[in-house]
Amino acid sequence: MNNPIAQSVANLAPTGGQKFRQRVLPLIILAIIVVAIPFFGPSRTVYALLSVMGINIVFALSYNMLLGRGGLLSFGHAVYFGLGGYAAMHAMRAIEYADGGFWAGFPVFGLPIIGFAGGALAGAIIGWPSCRRAGTPFAMISLGVAELIAAAGFMFNSIFGGEEGISGDRMNGPELFGLSMGPVSDVYWFIAFWLVVGVGGMYAFTRTPLGKMSEATRDNPERVEFVGYDPQRVRYLVFIFAGAFAGMAGGMAAVYFEIFTPEAVSLLPSGFVLLMAYIGGIAYFAGPVIGAIVLTYMQSMLSDFTEAWLLYLGLLFMLIVMYAPRGLAGIIFGVTGSFSNGTFSEMIGKWLQQLAGAFLAFLGLIVLIEVSVNWSNGFGEVFEPFGLHLTFANPLTWVLIVVPLALGILILRRANRETEEVLA
Amino acid sequence: METIIFSLLNGVIYGLLLFMLSSGLTLIFSMMGVLNFAHASFYMLGAYFAYTISGVSSFWLALIFAPILVGLIGAAVEKWGLRTVHANGHVAELLFTFGLAYIIDEIVKIVYGRNAVDYRVPELLDFPLFELFGAQYPAYRIFILFISVGMLIALWFILNRTRAGLIIQAALTHPHMVGSLGHNVPRIFMTVFGAGCALAGLAGVIGGNYLVTDPAMAVQMGPIVFVVVVVGGLGSLAGAFLAAMILGLLQTFAVAIDATFADIFGFLGLSQTSEVGSITIASLAPMLPFLMLVIVLMIRPRGLLGDREL
Amino acid sequence: MKLMKSAALAAAFGFVAMGASAETLKIGFIDPLSGPFGPSGDAAMKHWMYAAEQVNKAGGINGAEVEIIAYDNKVNPKESLIQFQKAIDRGVRIIAQGNGSSVASALIDAVDKHNKRNPGDEVIYLNFAAVDPSFTNDRCSFYHFRFDSHAEMKMNAVTDWIAARPEIKKVYVIGQDYSFGQANAKAADAMIKAKRPDIEIVGNELHPMGKVKDFTPYIQKIMQAEADAVITGNWGADMVLLIKAAIASGHEVPYLTFYGGSLGAATAIGKDGVGQLYQISEVNTNLETTPEQNALIDGYEAAYHDSYYYHRVFNAMTMLDEAAEKAGTNNVVEIAKQLEGATLDTGYGTITMRAEDHQILQPLFMSVFSDNVTRGVEGLPLGWTSGDADRIEADATAMPTSCKMERPE
């Protein structure tokens, strides 16, 4: 029997080489990159940024277990990051003040495990009432819980340490891998190790039956019930794992910053992790990784150049939501994907047009925003790019705002119209 | 007795202010399924516009034109923003408003500065109306009461007694059917979104000078609006009204209770000096709405008077 | 802002750390410059920049030009630590921070750890507004100097002021429910009982921070308790809304605040607060003072179109300047040694950096919000004034300390 259908179905299964390329290779590349970076002799700033990026990557990926993979929109994911971090922080203090016993032998290097357990526990407790439903009820419960925990953070000083939080010293307990954990370069290796473990772990999770069922529950909970699974239970289990990995990121942060404050459980970081995941692209596993890298950089570095960095962040987010719902990863994979299916040459013209349009429009916007910010501050500072003296009184300013903006939008519209015609 | 009367009066007024703020969101949410995160930002815009308008003319003109202006902006946002995103689903719409809130906040900071502006209660209403047990009662609070009751009646009239209201009500519960009957559903959506934002703007006009008009006012009001809408229930203005009243009263009455956890749970051995035991009910008052949100969603996900689940 | 931009551009992608250079003395200003607390940090930054301009006009510190490099920490402790690393890379060895005790706590820790882990490359920390008492008590550090009176000292001054007024018989304390508010509540209770046992504390209330929209129920409660004065450590919207609710209810007793004079409050409260709103602080611009001080205030307000508020920033800069000149070097450890016990004659009296805990001792003033002032705030005809009886001398503000300072060799 030569059944053509059976044959083509069989061909759909990935070959061994494909499996390796798609599933194992990216992780190996990630590991190589993090190992290679220290050989370039980074400065403290770079070490700090990389470490925070590492923490945020794990955090954003854990968030995407809910939003991207599970279809659960949470406004309170920082609760698990924070509670896991606090668990690790208390453990770090236990190590510091231990004489003998379990904690005396516990290396600081292993604290993310405590964070993982703490996050899982918090997820197990809070998840029980919240996971009964998906969609808006879930989002609203997460919001309510986040507000409650954030308020509790300032009330219960013995757990959260009040406004100043609790701090510890990571240079205690037994050393692992010969790392004293003192200098930032030592901590970098710690972060790198747990980054690879976290990313690997979460990727592996997507391949488990539970990970698959989570996606199925997102797409069609009724069908999941028909095939004999309980969507509520699937959501609950996924929620616990997401909380656990967020807690692990919290543990990494506890060791890196050596301090945890109640703001860590507040709505602000919960909103930020949503931005990281969505801007990066929730449809791809790598999306939150890209989002975490870009937004961490923006948060810590963009504020050096402009006070209005939050506005740029908001604009970027809006543009992504409106025009690139698959996020930065969607754009990148769109381009790389066109190489493999041979549409690159057709698409390149349109992309270049879009790029030029976006660039021009963005240029106009920057001039508008920067001049406005300086005007609003009102103490005589002026936006002076390339020696130009731009104020609202200067006609050149308006030229620089209107011309690139109009031109950019025009080009963008044209490029988009062409696509529509092609589609039609 | 004094406490009860005061708490009742304050609770009702606070509840009415909350209702004004959330009635617009209830309309938007029920019809479009969009939890508008920028709703409180429109409330802020209302206050700032009123500040500008009352600066050049009078408060009374601001009372009329500021909400209209906010409504127009809202309609524009719906037409050129939300509609584009609509195809990508509710999560995308929600995130769009989430980002919009960021942007409105930042733009307000650039245009109006980062500190509070001097938006005051008009002279005409700036006097103590009566004295109750030694405390003066400002006339402006009673004015708030009248405006919000007036708005409530107007809203009720429009929704129940006019043709447009009937269409909107129908679209609240059966949007597809309304579309099939030949009504321009996108335009209804735009109108409702604009009107909802205008209501938030109106709340801003009368709330901005009563409270504080600064760039942080949106963030402060944000989450509590959702509580009202969700607790009240989808598709039910009456529910939103009930929820706002309950929240207003609950919060003001709780403030008056000085009992601690130890007083209540003392029989469990909770001591007055322990961390949990020393918490007073009064200090928890502002957290009660969120407790209520979580409990209602767990026990009755359709809200108090909602006609369907979220 | 401009000062730092050019260098920041170079550092943005730079993998190479830049060392400290001889010609400039860099002060890393780590405070919020965006978000809800942006205005406070922004105002403080302008004070630092103007103070630096003044020092540079007089030839700099030991001939080195002072450069203020601003870092936006978004009042987030974690973000502050990242900005701290960036500052060290830029060659900053003196950091200045004020807004938020959580940030201050993180920075004290970070500075101590940095100095322990990088001997010979120390950093010192000039704290101009974080008032948690523990920073100059249990958690005191050789590298940390506080130029503001801490919360207990302020409460001490407030209760001194109350104790001197026999007409006050009943006091109500209200605050935000977090470590600062809780500490204030305890301190007020203990101090009033010690100073005036006849005063009844008719209420000691805590409410969650930033969650209360309408304070009227609280005001009714205070009025029913028949309080003669209200003490509050509230700041931001919680302070403004509390005072506005009190005004609306016609509750005309003194509201003694810590942060009544903070930026934007005068505008938000308006003329109705006159005679009712009090604030404890190290300065108000209507105090009698030297012509130099008046010129400084005028100069600042003209240059930045902003109210003169952070007087302590100028104290900090002048004391830093004098200590460095005395040490004859810009090495921060040497400067720190000279700062210990240093005194400075300011336009408002002599101030001392107490050697045992690095806490400034300065006269404090209980000022009242008034419409009869020569110098208004925020462009309003309203401002702060105080009489002779409202001055609390520097010595009287001193509190015992539990600090056990560890000094470098």
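Comparison of C:Phe365, C:Phe314 shows that the only residue that is more than 23 Å from C:Val66 (Cβ to Cβ) and either in contact with a strand residue (DSSP E or B) (Cβ under 7 Å, 6 or more places away or on another chain) or not in a loop (DSSP other than H, G, I, E, B) (or both) is C:Phe365.
Within the stretch B:1-29, being out of contact with any Gly (no Cβ under 7 Å at 6 or more places or on another chain) and either of a type in the set (A, V, I, L, M) or surrounded by fewer than 23 Cβ atoms within 10 Å (Cβ to Cβ) (or both) holds for B:Met1, B:Glu2, B:Thr3, B:Ile4, B:Ile5, B:Leu8, B:Leu9, B:Ile13, B:Leu16, B:Met20, B:Leu21.
The lone criterion from (1) open to solvent by less than 30 Å² (accessible area, probe 1.4 Å); (2) outside any loop (DSSP other than H, G, I, E, B); (3) touching a residue at least 24 places away in the same chain (Cβ under 8 Å) left unmet by C:Thr350 is number (1). Is there a residue being open to solvent by 10 Å² or more (accessible area, probe 1.4 Å), more than 10 Å from chain A (Cβ to nearest Cβ) and aliphatic (A, V, I, L, M) anywhere in the stretch C:87-95? No, every residue in the stretch C:87-95 fails to be open to solvent by 10 Å² or more (accessible area, probe 1.4 Å), more than 10 Å from chain A (Cβ to nearest Cβ) and aliphatic (A, V, I, L, M).
Scoring B:Ile246 on the criteria (1) within 30 Å of A:Met155 (Cβ to Cβ); (2) crowded, with 24+ Cβ neighbours inside 10 Å; (3) away from chain C (no Cβ under 14 Å) leaves a single failure, condition (2). When the stretch A:288-300 is limited to residues that are modelled with pLDDT under 90 and surrounded by 19 or more Cβ atoms within 10 Å (Cβ to Cβ), the one that is farthest from the other protein chains (Cβ to nearest Cβ) turns out to be A:Gln299.
The number of residues in the stretch C:212-242 that are of a type in the set (Asp, Glu), outside any helix (DSSP H, G or I) and closer than 24 Å to C:Ser262 by Cβ comes to 1.
To keep it simple, each residue is scored yes or no on (1) within 13 Å of chain A (Cβ to nearest Cβ); (2) in contact with a helix residue (DSSP H, G or I) (Cβ under 9 Å, 6 or more places away or on another chain).
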| position | (1), (2) |
| --- | --- |
| C:Lys195 | no, yes |
| C:Asp198 | no, no |
| C:Asn204 | no, yes |
| C:Gly210 | yes, yes |
| C:Phe215 | no, yes |
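Comparison of C:Tyr259, C:Tyr309 shows that the only residue that is closer than 28 Å to C:Val55 by Cα, open to solvent by 30 Å² or more (accessible area, probe 1.4 Å) and not in a helix (DSSP H, G or I) is C:Tyr309. Looking at A:Arg218, A:Arg326 in this structure, which one is charged (D, E, K, R), surrounded by fewer than 22 Cβ atoms within 10 Å (Cβ to Cβ), under 19 Å from the mean Cα position of the chain (by Cα) and at pLDDT below 90? Exactly one residue qualifies, and that residue is A:Arg326. Examine the stretch A:25-36 for a residue that is closer than 30 Å to A:Ala216 by Cβ and surrounded by 24 or more Cβ atoms within 10 Å (Cβ to Cβ), and state whether such a residue exists. For the stretch A:25-36, residues closer than 30 Å to A:Ala216 by Cβ and surrounded by 24 or more Cβ atoms within 10 Å (Cβ to Cβ): absent. If you go through the stretch A:125-150 and keep only what is more than 14 Å from chain C (Cβ to nearest Cβ) and open to solvent by 30 Å² or more (accessible area, probe 1.4 Å), you end up with A:Ile125, A:Trp128, A:Pro129, A:Arg132, A:Arg133, A:Ala134, A:Gly135, A:Thr136. Can you tell me which residue in the stretch C:294-306 is nearest to C:Phe258 (Cα to Cα), limited to those that are loosely packed, with under 14 Cβ neighbours inside 10 Å and within 14 Å of another protein chain (Cβ to nearest Cβ)? Within the stretch C:294-306, the match that is nearest to C:Phe258 (Cα to Cα) is C:His305.
For the stretch B:63-84, a residue qualifies if it is surrounded by 23 or more Cβ atoms within 10 Å (Cβ to Cβ) and over 28 Å from B:Tyr210 (Cα atoms), and the qualifying residues are B:Glu78, B:Leu82. Restricting A:Tyr86, A:Tyr97 to residues that are open to solvent by less than 10 Å² (accessible area, probe 1.4 Å), among the hydroxyl-bearing types (Ser, Thr, Tyr) and closer than 18 Å to A:Gly161 by Cα narrows the list to A:Tyr86.
When B:Ile64, B:Ile158, B:Ile147 are screened for being over 25 Å from B:Phe37 (Cβ atoms), touching a residue at least 12 places away in the same chain (Cβ under 8 Å) and under 21 Å from the mean Cα position of the chain (by Cα), only B:Ile147 passes. Checking A:Ile191, A:Ile141, A:Ile159 one by one, the residue that is over 30 Å from C:Pro208 (Cβ atoms) and either out of contact with any Leu (no Cβ under 7 Å at 6 or more places or on another chain) or modelled with pLDDT of 85 or more (or both) is A:Ile191 and no other. When the stretch C:294-323 is filtered for residues that are among the aliphatic types (A, V, I, L, M) and at pLDDT 90 or above, the ones remaining, listed by number, are C:Ala295, C:Leu296, C:Ile297, C:Val313, C:Ala316, C:Met317, C:Met319, C:Leu320, C:Ala323. Has the stretch A:60-68 got at least one residue that is touching a residue at least 24 places away in the same chain (Cβ under 8 Å), open to solvent by less than 30 Å² (accessible area, probe 1.4 Å) and either farther than 28 Å from A:Ile282 by Cα or within 14 Å of chain C (Cβ to nearest Cβ) (or both)? Looking for residues that are touching a residue at least 24 places away in the same chain (Cβ under 8 Å), open to solvent by less than 30 Å² (accessible area, probe 1.4 Å) and either farther than 28 Å from A:Ile282 by Cα or within 14 Å of chain C (Cβ to nearest Cβ) (or both), one finds none in the stretch A:60-68, hence no. Of the numbered criteria (1) over 19 Å from B:Arg187 (Cα atoms); (2) under 18 Å from the mean Cα position of the chain (by Cα); (3) surrounded by fewer than 23 Cβ atoms within 10 Å (Cβ to Cβ); (4) small (Gly, Ala, Ser), the one B:Ser54 fails is (2).
Scanning the stretch C:122-154 for residues that are in contact (Cβ under 8 Å) with a residue 40 or more places away in the chain and among the hydrophobic types (A, V, I, L, M, F, W, C) gives C:Val123, C:Ile124, C:Leu126, C:Phe128, C:Ala129, C:Val131, C:Cys140, C:Phe142, C:Phe145, C:Phe147, C:Ala151, C:Met153. Select from the stretch C:158-217 the residues that are over 24 Å from B:Pro289 (Cβ atoms), polar (S, T, N, Q) and out of contact with any strand residue (DSSP E or B) (no Cβ under 6 Å at 6 or more places or on another chain) and write down the one among them that is modelled with the lowest pLDDT. Among those residues, the one meeting the criterion is C:Ser179. Residues in the stretch A:151-166: is at least one among the hydrophobic types (A, V, I, L, M, F, W, C) and away from chain C (no Cβ under 14 Å)? No - not one qualifying residue is present in the stretch A:151-166. When the stretch B:123-141 is filtered for residues that are of a type outside the set (D, E, K, R) and open to solvent by less than 30 Å² (accessible area, probe 1.4 Å), the ones remaining, listed by number, are B:Leu125, B:Ala135, B:Tyr137, B:Pro138, B:Ala139, B:Tyr140.
The values are calculated or read from the model by the stated rules, or taken from the named source; none is laboratory data. Since the structure is predicted, the reported quantities are computational estimates derived from the model, not experimental observations. Heads up, the Cβs are rebuilt from the backbone with ideal geometry, glycines too, and the neighbour counts pull from every protein chain shown. Ligands, DNA and RNA are excluded from the accessible area calculation, which covers all protein heavy atoms including side chains. Shrake-Rupley method; radii C 1.70, N 1.55, O 1.52, S 1.80 Å.
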